[in-house]
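J.: Handing you this structure, nothing more for now.
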Amino acid sequence: MATAEVQEIRATSYVGFDSITQQIEHKLLKRGFQFNVIVVGQTGLGKSTLINTIFASHLIDSKGRREADEPVRQTTEIQTVSHVITENGVRLRLNIVDTPGYGDQVNNENCWDPIVKYIKDQHSAYLRKELTAMRDRYIQDTRIHCCLYFINPTGHSLRPIDVIVMKKLSEVVNVVPVIAKADSLTLEERESFKQKIRAELFHHSIRLYPFDTDEYDEEEVQLNESIRNMIPFAVVGSESNVIIGGKAVRGRKNRWGVVNVEDETHCEFVSLRNFLTRTHLQDLIETTAQIHYEAFRSKQLLALKENARPQQA
């Protein structure tokens, strides 16, 4: 039966249902928001520092050594750190999942498996809660919304292990690649490196976030296209302030000058931060639920159905 076309009409006097957006906003502000991000990459690429820089808060302790005689500190297992950050009355519960530096061992075979398993385990936990007869009104969501993938700034090409890991991760999570410590490359080297990486991603059919859907308008499609043309983001992180023109800015000082983290001519940190927090935060959350989790959910429910058939027979 075909659905009849619904005619749009205008109310002859003010009714008040246009306030529903304010009602939704009020409820959401009371409840707060949650964002779960996982950081993946080699040891020593500044993963903790970049996360702290993005959210302008000290959230994770750096594993770098501060003294010559200090033992090497590194993440040996997957760890989650949770914080509630408040900005202009909006509360964001930020869950940061720190992973062991992969590719550091002599034998790196299947070193990505614990990371992929962790992401799938969060989907599985959510599905179990969703299928419970007396489920919670608001299910605690630990599904990973974004994976920041750190690339070593070699200037040459992706390592074979990077290709494998990104391909595996892109099947289960929104992957956002970043070139870490990009101030070690000249602007020409950086642009050449980015082009090589994009070519390799295309060659290996690695589909990265953001994705376009029929729901997007022309402006959103153009924004996503500009993001894809910029990926991977070449970034520099710093929690230290340096003085430039009498003004304190976050940056890194070396013998040749100062790298201002928030100067878009120096690096693409501002573009990454705006992408993650100001333009695509909600879309990252929705894409996780509607694409990655939905694919996992469908696969699991079909498997349960198939396993139930022999018993019924």
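J.: For the condition of a type in the set (Val, Ile, Thr) and in contact with a helix residue (DSSP H, G or I) (Cβ under 7 Å, 6 or more places away or on another chain), what is the one hit in VAL15, VAL39, VAL6? Lay out the reasoning, then the answer.
T.: Values: VAL15 fails: in contact with a helix residue (DSSP H, G or I) (Cβ under 7 Å, 6 or more places away or on another chain); VAL6 fails: in contact with a helix residue (DSSP H, G or I) (Cβ under 7 Å, 6 or more places away or on another chain).
The match here is VAL39.
J.: Six or more apart or on different chains, Cβ atoms under 6 Å: show the pairs whose first residue is in the stretch 103-125 and among the charged types (D, E, K, R) and whose second is modelled with pLDDT of 95 or more and open to solvent by less than 70 Å² (accessible area, probe 1.4 Å).
T.: none
J.: So, one more: So in the stretch 62-94, with the set limited to residues that are in a loop (DSSP other than H, G, I, E, B) and modelled with pLDDT of 85 or more, which one is surrounded by the fewest Cβ atoms within 10 Å (Cβ to Cβ)?
T.: Here is the first cut: in the stretch 62-94, the residues in a loop (DSSP other than H, G, I, E, B) are 62-78, 88-89.
Pick out the ones that are also modelled with pLDDT of 85 or more and you get 78, 88-89.
Details: ILE78: 15, ASN88: 4, GLY89: 6.
Step by step, filter the stretch 62-94, then rank; the result is ASN88.
J.: Just wondering, is there one or more residues in the stretch 227-240 that are farther than 26 Å from ARG190 by Cβ and of a type in the set (Asp, Glu)? Before the answer, list the steps.
T.: To start, the set of residues in the stretch 227-240 that are farther than 26 Å from ARG190 by Cβ comprises none.
Looking for residues that are farther than 26 Å from ARG190 by Cβ and of a type in the set (Asp, Glu), one finds none in the stretch 227-240, hence no.
J.: Follow-up. When the stretch 290-313 is examined, which residues are found to be open to solvent by 30 Å² or more (accessible area, probe 1.4 Å) and either aromatic (Phe, Trp, Tyr) or closer than 18 Å to THR142 by Cβ (or both)? Show your work before the answer.
T.: First, pick out the residues of the stretch 290-313 that are open to solvent by 30 Å² or more (accessible area, probe 1.4 Å): 290-291, 294-313.
Of everything in the stretch 290-313, those that are open to solvent by 30 Å² or more (accessible area, probe 1.4 Å) and either aromatic (Phe, Trp, Tyr) or closer than 18 Å to THR142 by Cβ (or both) turn out to be GLN290, ILE291, GLU294, ALA295, PHE296, ARG297, GLN300.
J.: Could I ask something else about it? Starting from residues that are outside any helix (DSSP H, G or I) and of a type in the set (A, V, I, L, M, F, W, C), keep the ones in the stretch 195-237 and report whichever is nearest to GLN290 (Cα to Cα). It would help to see each step written out before you state the result.
T.: The initial filter retains those residues of the stretch 195-237 that are outside any helix (DSSP H, G or I), namely 204-217, 231-237.
Now narrow it down to the ones that are of a type in the set (A, V, I, L, M, F, W, C): 206, 208, 211, 231, 233-236.
Working: ILE206: 19, LEU208: 16, PHE211: 12, ILE231: 23, PHE233: 25, ALA234: 29, VAL235: 29, VAL236: 32 Å.
Of everything passing the filter in the stretch 195-237, PHE211 is nearest to GLN290 (Cα to Cα).
J.: If you check ARG190, ARG207, ARG198, which single one turns out to be in contact with a helix residue (DSSP H, G or I) (Cβ under 7 Å, 6 or more places away or on another chain) and open to solvent by 60 Å² or more (accessible area, probe 1.4 Å)? Full working, then the answer.
T.: Working: ARG190 fails: open to solvent by 60 Å² or more (accessible area, probe 1.4 Å); ARG198 fails: in contact with a helix residue (DSSP H, G or I) (Cβ under 7 Å, 6 or more places away or on another chain).
Answer to the selection: ARG207.
J.: Considering only residues of the stretch 43-61 that are under 15 Å from the mean Cα position of the chain (by Cα), polar (S, T, N, Q) and closer than 14 Å to PHE269 by Cα, which is surrounded by the fewest Cβ atoms within 10 Å (Cβ to Cβ)?
T.: To start, the set of residues in the stretch 43-61 that are under 15 Å from the mean Cα position of the chain (by Cα) comprises 47-48, 50-55.
If we keep only those that are polar (S, T, N, Q) too, we end up with 48, 52-53.
When the remaining residues are screened for being closer than 14 Å to PHE269 by Cα, the result is 52-53.
Working: ASN52: 20, THR53: 22.
Selected residue: ASN52.
J.: Within the stretch 119-135, track down each residue that is open to solvent by 30 Å² or more (accessible area, probe 1.4 Å) and either within 21 Å of the chain's Cα centre (by Cα) or within 24 Å of ARG198 (Cβ to Cβ) (or both). Before you say what the answer is, go through the steps one by one.
T.: So in the stretch 119-135, the residues open to solvent by 30 Å² or more (accessible area, probe 1.4 Å) come out as 120-121, 124, 126, 128-135.
Within the stretch 119-135, LYS120, ASP121, SER124, TYR126 meet the criteria.
J.: Could you list all residues from the stretch 174-187 that are open to solvent by less than 60 Å² (accessible area, probe 1.4 Å) and under 26 Å from VAL37 (Cα atoms)? Please lay out each step first, then the result.
T.: First, pick out the residues of the stretch 174-187 that are open to solvent by less than 60 Å² (accessible area, probe 1.4 Å): 174-180, 182-183, 185.
The answer is ASN174, VAL175, VAL176, PRO177, VAL178, ILE179, ALA180, ALA182, ASP183.
J.: Residues in the stretch 136-173 that are in contact with a helix residue (DSSP H, G or I) (Cβ under 6 Å, 6 or more places away or on another chain), open to solvent by 30 Å² or more (accessible area, probe 1.4 Å) and assigned to a loop (DSSP other than H, G, I, E, B): how many?
T.: Total meeting the criteria: 3.
J.: Applying the selection to the stretch 225-267, what residues are aliphatic (A, V, I, L, M) and open to solvent by 30 Å² or more (accessible area, probe 1.4 Å)?
T.: So the first thing to find is which residues in the stretch 225-267 are aliphatic (A, V, I, L, M), and the list is 227, 230-231, 234-236, 242-244, 248-249, 258-259, 261.
If the condition is that a residue be aliphatic (A, V, I, L, M) and open to solvent by 30 Å² or more (accessible area, probe 1.4 Å), then MET230, ILE243, ILE244, ALA248, VAL258 are the ones that fit.
J.: Give me the residue from the stretch 241-276 that is modelled with pLDDT of 90 or more and among the aromatic types (Phe, Trp, Tyr) and, out of that set, farthest from GLU191 (Cα to Cα).
T.: PHE275
J.: Among the residues of the stretch 238-268, which ones are under 24 Å from the mean Cα position of the chain (by Cα), among the charged types (D, E, K, R) and within 17 Å of ILE179 (Cα to Cα)?
T.: First, pick out the residues of the stretch 238-268 that are under 24 Å from the mean Cα position of the chain (by Cα): 238-240, 250-251, 260-268.
Applying the additional criterion that residues be among the charged types (D, E, K, R) yields 239, 250, 262-264, 268.
GLU262, ASP263, GLU264, GLU268 - these are the residues of the stretch 238-268 that are under 24 Å from the mean Cα position of the chain (by Cα), among the charged types (D, E, K, R) and within 17 Å of ILE179 (Cα to Cα).
J.: Which residues, taken from the stretch 6-42, are touching a residue at least 40 places away in the same chain (Cβ under 8 Å) and surrounded by fewer than 17 Cβ atoms within 10 Å (Cβ to Cβ)? If you could, list the steps in order and put the result at the bottom.
T.: As a first pass, look at the stretch 6-42 and keep what is touching a residue at least 40 places away in the same chain (Cβ under 8 Å): 29, 31-42.
LEU29, ARG31, GLY32, PHE33, listed by residue number.
J.: Please specify each residue of the stretch 269-289 satisfying the condition of being aromatic (Phe, Trp, Tyr) and either more than 11 Å from the chain's Cα centre (by Cα) or surrounded by fewer than 16 Cβ atoms within 10 Å (Cβ to Cβ) (or both).
T.: Filtering the stretch 269-289 down to residues aromatic (Phe, Trp, Tyr) leaves 269, 275.
If the condition is that a residue be aromatic (Phe, Trp, Tyr) and either more than 11 Å from the chain's Cα centre (by Cα) or surrounded by fewer than 16 Cβ atoms within 10 Å (Cβ to Cβ) (or both), then PHE269 is the only one that fits.
J.: Give all pairs with beta carbons closer than 8 Å in which a residue from the stretch 212-228 that is of a type in the set (Val, Ile, Thr) meets a residue that is part of a helix (DSSP H, G or I) and surrounded by 14 or more Cβ atoms within 10 Å (Cβ to Cβ); count only pairs at least 6 apart in sequence or on separate chains.
T.: Cβ pairs passing all conditions: ILE227/PHE275.
The values are calculated or read from the model by the stated rules, or taken from the named source; none is laboratory data. Treat the numbers as computed from the prediction; the structure is a model and nothing was measured. Cβ: placed from backbone, ideal geometry, glycine included. Neighbour counts: every protein chain shown. Heads up: the accessible areas ignore ligands, DNA and RNA and are worked out on the full protein's heavy atoms, side chains in. Shrake-Rupley method; radii C 1.70, N 1.55, O 1.52, S 1.80 Å.
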